[in-house]
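Colleague: The structure that follows is given in the form of C-alpha cells.
Any read-out appearing in this document is the output of simple, stated calculations on the displayed coordinates, not a laboratory observation. Owing to the predicted nature of the structure, the values given are computational and were not obtained by experimental measurement. Using ideal geometry, Cβ is built from the backbone for each residue, glycine included, and neighbour counts are taken over all protein chains shown.
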There are 2 protein chains.
Amino acid sequence: MKIGFIGLGIMGSPMAGQLIKGGHDVYLYSRSKVPEELVSNGGIPCQNGPEVAANSEVIILMLPDTPDVEKVLFGDEGISETLLEGQTIIDMSSISPIATREFASQLATKNVSYVDAPVSGGEIGAKNATLTIMVGANGSMFAKVEPIFKLMGKNITHVGDIGAGQVCKVANQVIVALNIEAVGEALLLASKAGVDPSKVRQALMGGFASSKILEIHGERMIERTFKPGFRIELHQKDLNLALNTARSLGVSLPNTSTAQELFNACSAAGQSTQDHSAMVCALERLAQHTVA
Amino acid sequence: MKIGFIGLGIMGSPMAGQLIKGGHDVYLYSRSKVPEELVSNGGIPCQNGPEVAANSEVIILMLPDTPDVEKVLFGDEGISETLLEGQTIIDMSSISPIATREFASQLATKNVSYVDAPVSGGEIGAKNATLTIMVGANGSMFAKVEPIFKLMGKNITHVGDIGAGQVCKVANQVIVALNIEAVGEALLLASKAGVDPSKVRQALMGGFASSKILEIHGERMIERTFKPGFRIELHQKDLNLALNTARSLGVSLPNTSTAQELFNACSAAGQSTQDHSAMVCALERLAQHTVA
C-alpha cells in the first residue's frame, strides 16, 4: 500500500521504519530532514506535506501537539486541499480529543476518512514494534487500518468512534500521573517517618496498592534515577489536554489538577526534561526531606 | 504458647480462630460477648483485659482505632498494670504510627515488648489465613513472633523498627485511595467524552496505567457494585491517620487531602458504608454525569 508518514521524530522515525520493513511504499516528510536510514531502506522522501498526500492512500501523522496537527492539515502548506475522497488520515500523535473530532468533521465534508490512534510504549516500543495503540475509528474503518497498526504495535484496541483513541490516551496519562503522585506521597511519608521506603514498596507489591507505577517509578524514586523515560514536559502537555478537555465537558479533576501543579513546580526547578517520576521532588521540597 | 486475644470483631474473631486451630491456648476477651464458636473450639473466655494479660505470654490486640488501643492498654480497666517483664504486646489494629511509638515507650519502662503488625486482606484474608501482615519490631522480636503471624497470614514483611508496620499500612491506604481517585477521574472523563469506560479500562490494563485498583475497583465503578469490600468510613479513618501523621512530621500530602474530601462528600451523601470505590460518585456528582 502507498502510505504517507509526516513527522519523523524520536517516535515517528522508527514507526515509519516498521512500515517500510513491512513492504509498503512509504512517502516521508518531516520539518527536519528525512532520516538517511529510512531512505536507504527504501522510504521515499518528499519536499512537503502535499507531495506526501498526493502520493498516498493513507497518511499517518506523528506530531508533537494539537497545533502541529492543525497546521499540517489546514495550514498554509497544509494537505487538506490536496486530499481527495477515499483517502484516510491516521493521526497517531497525542492531541486534543475535541480538536480531533473537529478535524475529522472538516475532512468528512470532502469524504476523507479520519482515524485517531495515539500510542504508548515510548521510543523502545516504537523500535521494537510493541506499541500500545488506542484507536478511535468509525464503523468499518478499524478493520481497514488494523493491518498497518500490527506492523507497529502489539496491544491494539478499537476503543470507539473518532476521538475515542485520544480520550483513552488522556485517561491513561491521568492515571499514570496520579499513580506517580500516590507512590510519591506514600513513600515520602514513610521515609520522613523513619521507615525504609524500599521495604515499604516491597511489602506493598502484590497487594491492593500494587501497580506498574509502584513497581517501576517507585524504584526510580528510591534509586534517584530520573533520567527519562518519559519527560515531565511531555506529561505536562498531556495533563493540559486532560484539564482542557475536562473543562470543556464539565468534569472536575481535582487530583489531576494538583499533579499538574507539581509538574509545574518541577519545571520551575529546572526538572522539565527529567523523568516524570521526579514529580516526587516537588513533594520532597515541600517537606524539606527526600525519599532516599 | 499461651496467647491472649483482645478484640473479637469481624477481623479478630477469625484471626483468633486460626491461633486456636494452630494448637495454642488462646485467652479471649472482647467488649461484646466472646463468640460461642471460638469457645467450643477450645478458646478460653475471660471477663476482662487484665484477666487475659495475667494468663498470656503474648497479648494480641485487634481493635478499631487508636483510642481503643490506648483504653485497653492504659485505661481504667487497662492491662498495663497487670503486664510484667518479658510479656509482649502485638497490636494488629490499624492505628497511629506516632501513638504506637508512644505506647511502646511507656511499656518499655516495664520491660514489656511491643510489636505493631497491622494487616490488609480483609475478612476473607482473616478467614483463609492469607492476610498481608506489615510488622514493626525491634531487633530479635520479629523472629520470636513470626510463627504466630504465619498462622494468620501469607505475605509477612518485617518493615522496620516499632511503628514501621503502622507507617507501612498508612502508606498502603494512601496509595489505594489515590489510585481509586486516579481511576475515577480517568473513567469519568472518558465516559463524559462519550467513550465506553469498560473499553478504556481494557485498553489500559497491562500498560503503565495498570494497577490492582484499575482491575478491581475500576470494574466496580463500571458495574456499579458498591457493596463492600472495604467501607468508606474505614478508609476515612485511615486517611485521617495519614494526614495527622503527615502534619506531625511536616509532610504535605495534597492528593491524599483531596481524596479524603471526596470520601467526606460521599459520607454526606449517605455512602459511608459503601465500598471505597464509590469515591467516584463524589466526582460524578460534581460532573452531573455517571461513569456507567
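Colleague: Ignore the peptide's own chain and count Cβ atoms of other chains within 10 Å of each Cβ in B:252-261; give me the average, rounded.
Modeller: If you average over the peptide's residues, the count of other-chain Cβ atoms is 6.
Colleague: Still on this model: Per residue Cα convex hull volume for segment B:24-121, in cubic angstrom?
Modeller: 104 Å³
Colleague: Also, quick follow-up: Report Rg/Rh for segment B:236-292, rounded to two decimals, where Rg is the Cα radius of gyration and Rh the Kirkwood radius.
Modeller: 1.04
Colleague: Cβ under 11 Å from B:S198's Cβ, B:S198 left aside: what net charge do those residues give with Lys, Arg +1 and Asp, Glu -1?
Modeller: -1
Colleague: Here's something else I'd like to know. For A:C266, what is the net charge nearby, where nearby means another residue's Cβ is under 13 Å from its Cβ and Lys, Arg count +1, Asp, Glu -1?
Modeller: With Lys, Arg at +1 and Asp, Glu at -1, the net is -3.
Colleague: Positive end of the dipole of chain B, charges at C-beta (+1 Lys, Arg; -1 Asp, Glu), about the Cα centre: which of B:T100, B:A171, B:L38 has its Cα farthest in that direction?
Modeller: Going by the charge dipole, the pick is B:A171.
Colleague: Mind checking which lysines have their C-alpha under 16 Å from A:K192, skipping anything on the same chain fewer than 8 residues away?
Modeller: Excluding near neighbours in sequence, the set is B:K169.
Colleague: So which lysines pass the test for B:K110, namely a Cα distance under 21 Å, with those fewer than 8 places away in the same chain ruled out?
Modeller: Straight-distance partners of B:K110: B:K2, B:K71, B:K144.
Colleague: Name the nearest-to-axis residue of chain A, judged by Cβ distance to the rotation axis taking chain A onto chain B, and quote that distance in whole Å.
Modeller: A:S211, 2
Colleague: I want to verify a result. In a Gaussian network model of chain A, Cα cutoff 10 Å, which of these has the top mean-square fluctuation: A:M205, A:M141, A:M221?
Modeller: For chain A, modelled as a Gaussian network with Cα springs under 10 Å, the answer is A:M205.
Colleague: Using the Karplus curve 6.51 cos²θ - 1.76 cosθ + 1.60 with θ = phi - 60°, work out ³J(HN,Hα) for each residue of segment A:194-199 in order, rounded to whole Hz, and write x for Gly and Pro.
Modeller: x, 10, 5, x, 6, 5
Colleague: Could you tell me what a quarter of the Cα convex hull surface of the protein assembly as shown works out to, in nm² with one decimal place?
Modeller: For the protein assembly as shown, averaging the hull's shadow over all directions gives 27.8 nm².
Colleague: Something else: Using modelled amide H (1.01 Å from N, peptide plane; none on Pro or chain starts), what sits under 5 Å from the amide H of B:G153, excluding residues fewer than 5 places away?
Modeller: B:L131
Colleague: Here's a follow-up. Pick out, in residue order, every one of the trypsin sites (Lys or Arg not before Pro) in segment B:203-292 that is DSSP loop and has at most 12 other C-beta atoms within 10 Å; say none if there are none.
Modeller: none
Colleague: Here's a follow-up. Please compute, for peptide A:148-159, the average count of beta-carbon atoms on other protein chains lying within 10 Å of each residue's beta-carbon.
Modeller: Mean number of neighbouring Cβ atoms from other chains: 2.
Colleague: From the Cα trace of segment B:99-239, what convex hull volume per residue do you get, rounded to a whole Å³?
Modeller: Hull volume normalised by residue count: 129 Å³.
Colleague: Now for a different question. Quick one: if you stick a label point 7 Å off each Cα along the C-beta vector at B:N244 and A:K144, how many nm between them?
Modeller: Reported label-point gap for B:N244 and A:K144 is 6.3 nm.
Colleague: For every other residue with a beta carbon closer than 15 angstrom to the beta carbon of B:M1, add +1 if it is Lys or Arg and -1 if Asp or Glu, then tell me the sum.
Modeller: +1
Colleague: Something else now. Compute the Rg to Rh ratio over chain A from the alpha carbon atoms, using the Kirkwood formula for Rh, and round to two decimal places.
Modeller: Over the Cα atoms of chain A, Rg/Rh equals 1.02.
Colleague: What nm distance separates the two modelled labels at A:M1 and B:T290, each placed 7 Å from Cα along Cα→Cβ?
Modeller: The two pseudo-label positions are separated by 4.0 nm.
Colleague: Let me ask something else about it. Given the rule -39500 (n - 2.57) for each run of at least 4 DSSP H residues, summed and divided by the residues of chain B, what is its mean residue ellipticity at 222 nm, to the nearest 500 deg cm²/dmol?
Modeller: It lands at -16000 deg cm²/dmol.
Colleague: Also, I was wondering about something else. Name the long-range amide H neighbours of B:I60: under 5 Å, sequence gap of 5 or more, or other chain; modelled H, no Pro or chain starts.
Modeller: B:G4, B:F5, B:I6, B:I90
Colleague: Might you report the magnitude of the Cβ-based charge dipole of the protein assembly as shown about its Cα centre, with Lys and Arg at +1 and Asp and Glu at -1, to the nearest 20 debye?
Modeller: With Lys and Arg at +1 and Asp and Glu at -1, about 560 debye.
Colleague: Please give the Cα centre distance for segment B:115-141 versus segment A:239-291, rounded to the nearest Å.
Modeller: The two parts, judged by their Cα centres, are 34 Å apart.
Colleague: Put one equal scatterer on each alpha carbon of segment A:190-292, apply the Debye formula with no solvent term, and list log10 I(q)/I(0) at q = 0.11, 0.13, 0.15, 0.19 1/Å to two decimals.
Modeller: Debye intensities relative to I(0), on a log10 scale: -0.38, -0.53, -0.69, -1.02.
Colleague: At R0 = 60 Å, how high is the FRET efficiency between B:T225 and B:Q47 if r is their beta carbon distance? Nearest 0.05 is fine.
Modeller: In this case the efficiency is close to 0.90.
Colleague: Can you list residues from other chains, or at least 5 along the same chain, whose modelled amide H is less than 5 Å from the amide H of A:S210?
Modeller: Answer set, sorted by chain and number: B:K212.
Colleague: Please state the Cα pair-distance histogram of segment A:83-182 with 5 angstrom bins from zero: what percent is in each bin?
Modeller: It works out to 3, 14, 23, 23, 19, 11, 5, 2, 1, 0, in whole percents.
Colleague: Can you find, among A:M152, A:I59, A:V26, the residue sitting farthest towards the positive end of the charge dipole of chain A, where Lys and Arg contribute +1 and Asp and Glu -1 at Cβ?
Modeller: Farthest towards the positive end: A:M152.
Colleague: Let me ask you something else. Ignoring GluC sites (Glu not before Pro) that are buried or in helix or strand per DSSP, and keeping those with at most 14 other beta carbon atoms within 10 Å, what is the longest stretch of chain A between them?
Modeller: Answer - A:86-292.
Colleague: What list of ³J(HN,Hα) values in whole Hz, one per residue of segment A:215-231 in order, does the Karplus curve 6.51 cos²θ - 1.76 cosθ + 1.60 (θ = phi - 60°) give from phi, with Gly and Pro shown as x?
Modeller: Rounded to whole hertz, the list is 5, 8, 6, x, 5, 4, 4, 6, 7, 6, 10, 9, 6, x, x, 10, 6.
Colleague: Which of B:H276, A:P118, B:H235 sits farthest toward the positive end of the charge dipole of the protein assembly as shown, with +1 on the Cβ of Lys and Arg and -1 on the Cβ of Asp and Glu?
Modeller: So the residue we want is A:P118.
Colleague: If you plug each phi of segment A:86-103 into the Karplus form 6.51 cos²θ - 1.76 cosθ + 1.60 with θ = phi - 60°, what whole-Hz ³J(HN,Hα) values come out, in order, with x for Gly and Pro?
Modeller: So the Karplus estimates, Gly and Pro as x, are x, 6, 10, 9, 10, 9, 9, 5, 9, 9, 4, x, 6, 4, 4, 5, 5, 4 Hz.
Colleague: Sticking with this structure for a sec: Based only on Cα atoms, what Rg/Rh ratio does segment B:216-262 have, Rh being taken as Kirkwood's radius?
Modeller: When Rh is taken as the Kirkwood radius, the ratio is 1.09.
Colleague: Another question, then. Relative to the compact-globule scaling 2.2 N^0.38 Å, provide the ratio for the alpha-carbon radius of gyration of segment A:154-222.
Modeller: 1.40
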